[in-house]
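Presented below is the structure to which this report refers.
The values are calculated or read from the model by the stated rules, or taken from the named source; none is laboratory data. Not measured: the values here are computed from a predicted model. Counting neighbours? That spans all protein chains shown, and the Cβs are built from the backbone with ideal geometry, glycine included. All accessible areas refer to the heavy atoms of the entire protein, side chains included, with ligands and DNA or RNA removed. Shrake-Rupley method; radii C 1.70, N 1.55, O 1.52, S 1.80 Å.
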Amino acid sequence: MALLNQELFLKELGQLVNIDSGSNDLNGIACIADYLKKSYEKMGLYTDITTYKEAGCCLKASNITEGKSDILLVGHMDTVFGKGTAAARPFTMDSEKAYGPGVADMKAGDLLITRISQFLLSEMPDVSFTIAHNGDEETGSLYSKQWLQ
């Protein structure tokens, strides 16, 4: 994963946007979690997935195994878009913008968190950090609230 490679970032963004992950699409949320988990594990981060049968899963990644982190990065993997939206409106770009379900909220943000993590590892190796991605933010984080806290 290249830290500042815009072409690669946009390619990966397209892959994420083209995965339906509406709040009720638990399989789609799990696909996003798996994608991000693999990215974090390639960096050497510790990862853990907590699953809620009513609301999908939550993904935690960290460069420490215990104790309090210096930095907490939070994102979510669900969108407001129903199943089939990614096929109907797949990722596209024009000369100025990218389009598709969840492109800005929150899939670009989730992908950016992977790049921030990579930056922290390479440029600030003494800083501890934890990442929390929940799967039910769009519906009020009812199941993941305690996990996030």
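For the reader, a short list of remarks on this structure follows.
- Scanning segment 88-122 for residues that are touching a residue at least 40 places away in the same chain (Cβ under 8 Å) and either surrounded by fewer than 13 Cβ atoms within 10 Å (Cβ to Cβ) or within 23 Å of residue 23 (Cα to Cα) (or both) yields a count of 15.
- Top-ranked residue of segment 1-32 - restricted to ones that are touching a strand residue (DSSP E or B) at 6+ places or on another chain (Cβ under 9 Å) and small (Gly, Ala, Ser), ranked as surrounded by the fewest Cβ atoms within 10 Å (Cβ to Cβ): 14
- Where residue 54 falls short, out of the listed (1) acidic (Asp, Glu); (2) more than 19 Å from residue 129 (Cα to Cα); (3) surrounded by fewer than 22 Cβ atoms within 10 Å (Cβ to Cβ); (4) modelled with pLDDT of 95 or more: (4)
- Test: residue in segment 33-45 that is loosely packed, with under 15 Cβ neighbours inside 10 Å, within 13 Å of the chain's Cα centre (by Cα) and basic (Lys, Arg): yes
- Taking segment 107-149 as the range and being closer than 12 Å to residue 76 by Cβ and among the β-branched types (Val, Ile, Thr) as the test, the residues that pass are 113, 131, 139.
- Each residue in segment 123-147 was checked for being part of a loop (DSSP other than H, G, I, E, B), open to solvent by 70 Å² or more (accessible area, probe 1.4 Å) and among the acidic types (Asp, Glu), and 1 pass.
- Consider segment 73-87 and keep the residues that are open to solvent by 10 Å² or more (accessible area, probe 1.4 Å) and among the small types (Gly, Ala, Ser). The one that is farthest from residue 145 (Cα to Cα) is 87.
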